[in-house]
Amino acid sequence: LILDGKSYKFPIVVGTENEKAIDISNLRSATGFITLDTGYKNTGATKSSITFLDGELGVLSYRGYPIEQLAEKASFLEVAYLLIYGELPTADQLSNFSNRITKHTNLHENFKKIFDGFPSNAHPMGVLSSLVSSLTAFYPGAIDPDANAEVLDLTIVRLMAKLPTIAAWSYKNSKGQPLMYPKNNLDYVSNFLYMMFALPNQDYVIDPVVVEALNVLLILHADHEQNCSTSTVRIVGSAHASLYSSVAGGINALWGPLHGGANQAVIEMLEAIKNDGGDVKKYIAKAKDKNDNFRLMGFGHRVYKNFDPRAKIIKKACDSVLAKLGVKDPVLEIAKGLEEAALNDDYFKERKLYPNVDFYSGIIYRALGLRTDLFTVMFALGRLPGWIAQWKEMREDNEPIGRPRQVYIGSNTRDFVPI
Ligand code: MLT
């Protein structure tokens, strides 16, 4: 390749002096130039003005607002508005947003028939993604993402309104309990708790400690730039698929144990350690042993080479929520023991392995009475405004259809010889 009078040899490896010396923008037009980057570790697949994250410093902000401030002072709906529309809402805008969501919390009665078709042991994430997909069938106007702004906004509001109902009804269905219709004088988080835990003809008291804790957890999970599920939402949407179909794709990606499913895996790991006598040192040694299959779940993160700022906030919340609810969970002590042992161990220090968002979140969810297989559902509820914001940004920026190239490593051309 000749550029600016200089010649470069293939392959140009990302991060070498060779690559730094050339103007990358010119390379876009150089046919045949493909960088192998499985997992997009270094490839900026998009530009975005939604979430900033500095993995070296452990800094995270939404639209410029530090995550610590939002988790402490904002409500989940305020943060959702900020992510989706770009600015914090005024009091009027927030109440309008909340009222519009409230109007759409109910599901079409036919949804009950679909629920009945799932086996009672179906994983709620499978149910959630199927039902979000099926919203396209109930609201065909949303199929065309170029529909006018009003239709698009109604689609956004419907999705925000219906996801908690779908999640709560899939839980009720799996428990064999009657479905609870939304109670629209309640706020977003309380309404979800009501649909999950209330029973007909029985008083259900919503604990403000639980509401506050869920509010914080949802905010902390609301966006995280181009993670696996978010880039899935963007890439599905880049084909001009509807918002519902794109978000259903994101839910499926989130379900994986390396992504949102990790907090379920963390609790299962902590339980296994507890049942094996709770010897933290033994498991730290296992995690370091290359010949051992044991993996310390909830530790390390592709982009954080420092503390995941969300993990810090959740750890603090964990202590306070469990104390306020009077819950003693032995796995919290095991988690803290693992963290302390790892942070004082050169193996983990050298590799910059710190607890991530999933390490403590499951412990709070459990204290709030949520079943383990619902942890990822909670992540999805939190991540929804981020997915919506990212989908909307991608469409507004007129991004081209996502279409990764490949580095072909198969056979050279061969002649077909009939048998
Ligand atoms: C997330 O919040 O999406 C997870 O930390 C995963 C990621 O960012 O890659």
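Bear in mind that the values in this text are calculations on the coordinates, not laboratory data. Owing to the predicted nature of the structure, the values given are computational and were not obtained by experimental measurement. Virtual Cβ from ideal backbone geometry, glycine too; neighbours counted across all protein chains shown.
If you plug the beta carbon distance of LYS41 and TYR204 into 1/(1 + (r/R0)^6) with R0 = 41 Å, you get a FRET efficiency near 0.30. For region 66-409, the Cβ-based charge dipole about the Cα centre amounts to some 660 debye (Lys, Arg positive; Asp, Glu negative; other atoms uncharged).
Rounded, prolate or oblate: pick one for region 270-405, where a ≥ b ≥ c are the square roots of the eigenvalues of its C-alpha gyration tensor, a/c under 1.5 means rounded, and failing that, prolate if a/b is larger than b/c, else oblate.
Details: a/c = 2.28, a/b = 1.41, b/c = 1.61.
Since a/c reaches 1.5 but b/c is at least a/b, the shape of region 270-405 is classed as oblate.
Here the 3J(HN,Hα) profile of region 221-230, calculated from phi with Karplus coefficients 6.51, -1.76 and 1.60 at θ = phi - 60°, is 9, 5, 7, 7, 6, 8, 6, 4, 6, 5 Hz, Gly and Pro shown as x. In the chain, a dipole from Cβ-located charges (positive for Lys and Arg, negative for Asp and Glu) runs towards its positive end, and of ASN275, LEU128, TYR354 it is ASN275 whose Cα lies farthest in that direction. Computed log10 I(q)/I(0) for the chain at 0.06, 0.07 Å⁻¹: -0.28, -0.38, from the Debye equation with unit scatterers placed on every C-alpha and solvent omitted.
Amide H contacts of TYR354: GLY300, HIS301, each under 5 Å away and 5 or more positions distant or on a separate chain (H built 1.01 Å from N in the peptide plane; Pro and chain starts excluded).
Only Lys, Arg, Asp and Glu count, each charged at its Cβ (+1, +1, -1, -1), so figure out the dipole size of region 165-236 about its Cα centre, rounded to 20 debye. If you can, show how the numbers build up before the last one.
Details: 4 positive and 6 negative charges, 70 e Å.
Roughly 340 debye, rounded to the nearest 20.
Computed from backbone phi with θ = phi - 60° and the Karplus coefficients 6.51, -1.76 and 1.60, the 3J(HN,Hα) list for region 233-242 is 4, 5, 6, 5, x, 5, 7, 6, 6, 5 Hz; x is used for glycine and proline.
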